[in-house]
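Below is one structure; the comments refer to it alone.
The values are calculated or read from the model by the stated rules, or taken from the named source; none is laboratory data. Quick caveat: nothing in here was measured; it's all calculated off a predicted structure. Here the Cβ positions follow ideal geometry from the backbone for every residue, glycine too, while neighbour counts run over all protein chains shown. Quick note on the areas: whole protein, heavy atoms, side chains included, nothing else; ligands and nucleic acids left out. Shrake-Rupley method; radii C 1.70, N 1.55, O 1.52, S 1.80 Å.
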Amino acid sequence: MASAARIASRAGGRGTEAVAAVLVPAVVSAAPAGAAAAIIVPRTAAAVATAATGRRNLYLVRVIAPPGSGVTHGFYWPVRALGIHRTRQVLTFYGRLKKMNDSEQHGGDDRDFRIEHDSMGEVRVPAHAKWRAQTQRAVENFPISGQRLERAHIEALARIKAAAAQVNARLGVIDADRAEAIAAAAEEVAEGRWDAHFPVDVFQTGSGTSSNMNTNEVIATLATERLPEGREVHPNDHVNASQSSNDVFPSSIHIAATGAVAHDLVPALEHLAAALERKSAEFAKVVKSGRTHLMDATPVTLGQEFGGYAAQVRYGVERLRGALLRLAELPLGGTAVGTGINTPAGFSAAVIAEVARTTGLPLTEARDHFEAQGARDGLVETSGQLRTIAVSLTKIANDLRWMASGPRTGLAEINLPDLQPGSSIMPGKVNPVIPEAVLMVAAQVTGNDTTVAVAGAAGNFELNVMLPVMAKNLLESVRLRPTPPGCWRTARSTGSRPTSSAPASTPSPRRPWSPRSTSTSATRRPRRSPRSPRGAQDHPRGGPGVRLRRAGRPHGGTTGRGAGRAADDASVGRTRAHPRTGSSVTRVAAVVGARP
């Protein structure tokens, strides 16, 4: 702010943040990072004042931050928290800053701003900004969430602008030197060099016009800087030539989503499926109890279970690849309502081919521009497939948590890697943090899909008017993917192996507990099921077994219900008859993954 700069210069030229240091001690340390100045604002709301201090008058410090700083505007700090107690002192500080700001708003020092014009008149734009009037109006109109377009979305918009400039030059719509400057500037934007100059909130006009114009203005400014003095690139007439927000913005969503799915998500899922398949082969001979209704069922192998997990992930990849055929169709060329008005013949096909060449994506022109313009069913379908994959990962993560539960009073069939301490009060406790993180990601993806579905239903006649929020949620769901190097370490093993079968008469080997287990447990005799041949004689409905369970004691155990259901150390590696089938079942002590 200009007023901030002037006060700072009077304070010794220590920069704009010196305003707070000079006028309000401790504001700089208390205010969020990036704050440029602070204004003391008198607040007389009795309810607020009474709730905060018990007094009628409450003075707060309002932190003012420049656009793009990421600091919430209008954030208030209680004056007493800053060590200011005297009302006269507060009013003096407030008056000095208010006078400076009022002067600035009415023709004062404009060194930190420039004047831009659009069809609605003058707009004050920060001097450093590459954007222009329409972007600034959007910044002022939509200070809602602080969330901006995804990086992949900005890149997709820039790819369209670069390709459009080249095609427009070939078709004689714009001259070659402007087209070359636009393409070079768009390439810089696509590389991420100017992301700070895309400040428009996700929650904006439903067609994405604000973000399309933001892209046009930034590229126009950068391109103008490349041209000789006196030659200008116009955001609409040159950068947006032969285009409309109504076909460019949805096309950019489809490009970004197609790239994210094809280049990022599918490889990550294939990596996960391959890791699960390796574990399936490793555990092919490890026999364990199957479970239905969370109760013991007929035997399975741990390898069979992991093979099922791998198949779930593989099917998810198949579903995504099926959806890609429709996701990769672009509405580009339909302009305002799908008729292609103001677009030269051959423009859309040539631009799409150029974008496909630069991105390596299988992009095609929409088979029906009116469907592609008025509906976003391809995005809704893709989001639904992401939700299905999230459900699959939820099942897998929950199974791993169940099988690793314990280590003394749970199932304790597998060991997960010890990644970090799990409790502030129990230092030796280690939690399944990666499966838990996956569960939260899956929940977020499921919620994102609900938003996309609701937004997809907002296609009225020739345009959907919830495009930005669809883009944000769909691209976030793809970005929250199981990253190969970090999230799922099932591909590695510690060298521990499932214990082999041993005759019932031989001493039972101890299960290879994970490093987190430091205590030992007494050997207990294996739990006897009331449905086993031996137990059947004293469990004819209402026998001792049922009474013991209702009393909270396990069958044949001595230390409580949970302990009776645990994986007993003494039974690890011991072959015994399955309660109903008589098949031999080996207790499992497998290592699912390991720290790198």
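Pick out the one residue from K395, K429 that is open to solvent by 30 Å² or more (accessible area, probe 1.4 Å) and touching a Gly at 6+ places or on another chain (Cβ under 6 Å). Walk me through it before giving the result.
Values: K395 fails: touching a Gly at 6+ places or on another chain (Cβ under 6 Å).
It is K429.
Given (1) outside any helix (DSSP H, G or I); (2) exposed (fewer than 15 other Cβ atoms within 10 Å of the Cβ), where does E436 come up short, assuming only one miss?
(1)
Only residues that are surrounded by fewer than 21 Cβ atoms within 10 Å (Cβ to Cβ) and assigned to a loop (DSSP other than H, G, I, E, B): list them for the range 319-342, please.
Once the filter is applied, which keeps residues that are surrounded by fewer than 21 Cβ atoms within 10 Å (Cβ to Cβ) and assigned to a loop (DSSP other than H, G, I, E, B), the range 319-342 yields A336, V337, T339, G340, I341, N342.
Is there any pair with a first residue in the range 123-136 that is free of Cβ contacts under 8 Å to residues at least 60 places away in the same chain and a second that is not in a strand (DSSP E or B) whose Cβ atoms are under 6 Å apart and which are 6 or more apart or on different chains, and what are they?
Here the result reads V123/A133; V123/Q136; V125/Q136; A127/D112, each pair linking the range 123-136 to a residue that is not in a strand (DSSP E or B).
Identify the single condition in (1) basic (K, R); (2) touching a residue at least 60 places away in the same chain (Cβ under 8 Å); (3) in a loop (DSSP other than H, G, I, E, B) that R387 does not satisfy, given that it satisfies every other one.
(3) is the only condition that R387 fails.
Within the range 370-382, track down each residue that is out of contact with any Pro (no Cβ under 6 Å at 6 or more places or on another chain) and in contact (Cβ under 8 Å) with a residue 60 or more places away in the chain.
F370, G374, A375, R376, D377, G378, L379, V380, T382
May I ask you to say which residue of A164, A169 is within 13 Å of E354 (Cβ to Cβ) and without any contact (Cβ under 8 Å) to a residue 24 or more places away in the chain?
None of the others qualify; the one that does is A169.
Within the range 396-451, restricting attention to residues that are β-branched (V, I, T) and free of Cβ contacts under 8 Å to residues at least 12 places away in the same chain, which residue is farthest from Y315 (Cα to Cα)?
Here the residue is I425.
For a quick check of your reading of the model, give me the residue pairs whose first member lies in the range 292-304 and is surrounded by 14 or more Cβ atoms within 10 Å (Cβ to Cβ), whose second is of a type in the set (F, W, Y), with beta-carbon atoms closer than 8 Å and at least 6 apart or on different chains.
Taking only residues 6 or more apart or on different chains, the pairs are T301/F283; L302/F283; G303/F283.
When S242 is evaluated against the numbered criteria (1) part of a helix (DSSP H, G or I); (2) among the polar types (S, T, N, Q); (3) more than 23 Å from L379 (Cβ to Cβ), which criterion, by number, is the only one it fails?
Just one mismatch for S242, condition (1).
Based on this model, can you work out whether L393 counts as in contact (Cβ under 8 Å) with a residue 40 or more places away in the chain, hydrophobic (A, V, I, L, M, F, W, C), farther than 23 Å from A186 by Cβ and outside any strand (DSSP E or B)? I'd like the intermediate steps shown before the answer.
Details: in contact (Cβ under 8 Å) with a residue 40 or more places away in the chain: yes; hydrophobic (A, V, I, L, M, F, W, C): yes; farther than 23 Å from A186 by Cβ: yes; outside any strand (DSSP E or B): yes.
Taking the combined requirement at face value, the residue satisfies it.
List the pairs whose first member sits in the range 455-473 and is closer than 18 Å to Q444 by Cβ, whose second member is open to solvent by 10 Å² or more (accessible area, probe 1.4 Å) and not in a loop (DSSP other than H, G, I, E, B), and whose Cβ atoms are under 6 Å apart, counting only residues at least 6 apart or on separate chains?
A455/V469; N473/T451
Return only the number of the condition from (1) touching a residue at least 12 places away in the same chain (Cβ under 8 Å); (2) of a type outside the set (K, R); (3) over 27 Å from L265 (Cβ atoms) that A345 does not satisfy.
(1)
Looking at (1) open to solvent by less than 70 Å² (accessible area, probe 1.4 Å); (2) under 23 Å from T388 (Cβ atoms), can you tell me which one L467 breaks?
(2)
In the range 354-369, which residues are of a type in the set (D, E) and either open to solvent by 60 Å² or more (accessible area, probe 1.4 Å) or in a loop (DSSP other than H, G, I, E, B) (or both)?
Matches in the range 354-369: E365, D368.
Using the structure shown, decide if G303 is more than 29 Å from the chain's Cα centre (by Cα), small (G, A, S) and closer than 22 Å to I389 by Cα.
Against the criterion (more than 29 Å from the chain's Cα centre (by Cα), small (G, A, S) and closer than 22 Å to I389 by Cα), G303 qualifies.
For residues that are among the aliphatic types (A, V, I, L, M) and not in a strand (DSSP E or B), scanning just the range 111-145, find the one that is most open to solvent (accessible area, probe 1.4 Å).
Going through the qualifying residues, I end up with M120.
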